[in-house]
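These notes concern the structure reproduced below.
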Amino acid sequence: MNKVAIARCLSYNKEDVERGIKEVVKYFGDHGNGLGNYVKNGDRVLIKPNLLLASKPESCVTTHPSLIREIIYQVQDAGGKVTIGDSPGGPNNLSYIKLAYSRAGIQKVALETGAKLNEDLSYEYVSFPNGKAIKKAKICKFVLNADKIITVPKLKTHMFTTFSGACKVQYGYIPGLEKSIYHGKFKEPYSFSELILDIVERFPPNFVFMDGIMGMEGDGPNAGRPKKVGVIIGGEDPISVDIAALSIINIEPNNVPYIANAVKRKLTTGKISDIQILGERIEDVKVLDYKRPGSYKSSPVANAFRVLGRFVTPFISPKPYPLSNCTGCGICEVNCPKKIIRIVSEGNRKRAKVGTFGCIRCYCCHEMCPNKAMGLKKFYQVSTK
Ligand code: SF4
Ligand code: SF4
């Protein structure tokens, strides 16, 4: 039976986070040497946060730097050498990655702790012999160079995959814009979820610490609202960590496409009762009013969607359109896998224009907009944009 530990943690104060991380570690065999059960002396350890885009910690888009700091200390106590790395969405260039590190507070943590920030943008083609969605993919070198991987996802709802947690954070192993190419190939959430699970199975993390102190609810992973959950969730199995997190935010795990697919792969039963929960009880930390994404589908609809997905998507899923605060920066244009967004001039200002046809509702535009200026309208709402 997989184990997941839940530690109550109500703030990002250093003392609270240190206590929370240590509590999780305690349940997985702390012998006074931090993460010594998972990291050996001299191991090159990758700490992989969620750095979706260059965003400040208080926006709750990225993993909070306080967790990264404490996890680094746990790894260093075990003798590991830490590199922090992620490949945000958008172009895979160093200036943007540096901006993401600095804005998320990760650069400061690296300076404090002596951890290295990954600046290697190279990748290698890796085979996925047992992959269901892919047999080969570009994977960032910083992932391949690590002896051990510790992922630190942020607890967020997600317009496309319903939830973004321990499994989805591994999508950052795919470099930059290559991610939006896959969105164009795997157009609906269930086929895309097979890709996520291929990555999870090919590169299982050694440990997961989920930042659930402040989550994001609603239309995440970028344009939702911060929401207090007050927990750090940890474990070895990313699927079990996600099932525990979903149970806390009151979302039926089987309504999340990649969990439903993981059940089909027999990687999990999808039931919280089949996971050994250590520390806080789910009932005691549950957040009943956690807002679901606008694209959320409950069981019967989710089941129908699984079969009819790509045929019904344009009719039932919200469509993106630019809001008045759109600056015409062009980030959505670059990230749209279907290339249906254009930047147009209107008087002396620019703005995005989304084509009438061809949108696959991948929400890359909504996810990557730095100004939260890509709105979503339901199929019954009329807009002239
Ligand atoms: S919608 Fe956002 S990403 Fe797209 S052009 Fe406008 S501000 Fe930039
Ligand atoms: S317009 Fe947005 S949601 Fe539609 S295909 Fe392009 S990126 Fe995806």
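The values are calculated or read from the model by the stated rules, or taken from the named source; none is laboratory data. Just so it is clear, the structure is predicted and the values come from calculations on it, not from any experiment. Reconstructed Cβ throughout: ideal geometry from the backbone, glycine too, with neighbour counts over all protein chains shown. The protein model used for the area step is the full one, side chains on, heavy atoms only, and it has no ligands, DNA or RNA in it. Shrake-Rupley method; radii C 1.70, N 1.55, O 1.52, S 1.80 Å.
Give the residue that is farthest from ligand 2 (Cβ to nearest atom), with candidates limited to residues of segment 354-382 that are open to solvent by 70 Å² or more (accessible area, probe 1.4 Å) and hydrophobic (A, V, I, L, M, F, W, C).
Looking at the filtered set, the residue picked out is 382.
Assess whether residue 326 counts as being under 17 Å from residue 220 (Cα atoms), buried (at least 19 other Cβ atoms within 10 Å of the Cβ) and within 12 Å of ligand 1 (Cβ to nearest atom).
no
Give segment 208-230 a look and list any residue that's charged (D, E, K, R) and not in a loop (DSSP other than H, G, I, E, B), or say none.
If the condition is that a residue be charged (D, E, K, R) and not in a loop (DSSP other than H, G, I, E, B), then 211, 217, 225, 227, 228 are the ones that fit.
With respect to residue 101, is the statement that it is among the aromatic types (Phe, Trp, Tyr) and open to solvent by 30 Å² or more (accessible area, probe 1.4 Å) true?
The answer is no for residue 101.
Restricting segment 329-353 to residues that are near ligand 2 (Cβ under 10 Å from one of its atoms) and crowded, with 21+ Cβ neighbours inside 10 Å, which is farthest from residue 181 (Cα to Cα)?
Top of the filtered list is 352.
Is it true that some residue in segment 20-33 is part of a helix (DSSP H, G or I), crowded, with 23+ Cβ neighbours inside 10 Å and of a type in the set (Phe, Trp, Tyr)?
Taking every residue of segment 20-33 in turn, none turns out to be part of a helix (DSSP H, G or I), crowded, with 23+ Cβ neighbours inside 10 Å and of a type in the set (Phe, Trp, Tyr).
Among the listed residues 121, 117, 51, identify the single one that is touching a helix residue (DSSP H, G or I) at 6+ places or on another chain (Cβ under 8 Å), surrounded by 24 or more Cβ atoms within 10 Å (Cβ to Cβ) and in contact (Cβ under 8 Å) with a residue 12 or more places away in the chain.
Selected residue: 51, the only one of 121, 117, 51 that is touching a helix residue (DSSP H, G or I) at 6+ places or on another chain (Cβ under 8 Å), surrounded by 24 or more Cβ atoms within 10 Å (Cβ to Cβ) and in contact (Cβ under 8 Å) with a residue 12 or more places away in the chain.
Among the residues of segment 4-18, which ones are surrounded by 16 or more Cβ atoms within 10 Å (Cβ to Cβ) and either part of a loop (DSSP other than H, G, I, E, B) or in contact with a strand residue (DSSP E or B) (Cβ under 9 Å, 6 or more places away or on another chain) (or both)?
4, 5, 6, 7, 8, 9, 12, 16, 17
For residues that are under 22 Å from the mean Cα position of the chain (by Cα) and open to solvent by 60 Å² or more (accessible area, probe 1.4 Å), scanning just segment 270-287, find the one that is farthest from residue 20 (Cα to Cα).
Out of the qualifying residues, it is 271.
What tally of residues in segment 342-378 results from selecting those that are part of a strand (DSSP E or B) and within 7 Å of ligand 1 (Cβ to nearest atom)?
Residues meeting the conditions: 4.
Hand me the list of helices (runs of 4 or more DSSP H) wholly inside segment 231-297 holding 1 or more residues that are in contact with a Phe, Trp or Tyr (Cβ under 9 Å, 6 or more places away or on another chain).
238-248, 257-264
With the requirement that a residue be surrounded by 19 or more Cβ atoms within 10 Å (Cβ to Cβ), touching a residue at least 60 places away in the same chain (Cβ under 8 Å) and within 13 Å of ligand 2 (Cβ to nearest atom), what does segment 183-225 give you?
Those that are surrounded by 19 or more Cβ atoms within 10 Å (Cβ to Cβ), touching a residue at least 60 places away in the same chain (Cβ under 8 Å) and within 13 Å of ligand 2 (Cβ to nearest atom): 183, 188, 189, 192, 219, 222, 223.
Let me spell it out: the conditions are (1) open to solvent by 20 Å² or more (accessible area, probe 1.4 Å); (2) over 29 Å from residue 369 (Cβ atoms), and residue 74 meets all of them except one. Which number is the exception?
Looking at each condition in turn, residue 74 falls short on (1).
Looking at 85, 29, 80, can you tell me which residue is free of Cβ contacts under 8 Å to residues at least 12 places away in the same chain and either on the phi > 0 side of the Ramachandran plot or not acidic (Asp, Glu) (or both)?
Checking each option against the conditions leaves just 29.
Consider segment 230-254. How many of its residues are open to solvent by 10 Å² or more (accessible area, probe 1.4 Å) and in contact (Cβ under 8 Å) with a residue 40 or more places away in the chain?
5
Any residue in segment 83-90 that is among the charged types (D, E, K, R), under 23 Å from residue 20 (Cβ atoms) and surrounded by fewer than 20 Cβ atoms within 10 Å (Cβ to Cβ)?
Checked against the condition, which is being among the charged types (D, E, K, R), under 23 Å from residue 20 (Cβ atoms) and surrounded by fewer than 20 Cβ atoms within 10 Å (Cβ to Cβ), segment 83-90 yields no hits at all.
Go through segment 158-195 and count every residue that is among the β-branched types (Val, Ile, Thr) and under 22 Å from residue 233 (Cβ atoms).
Residues meeting the conditions: 3.
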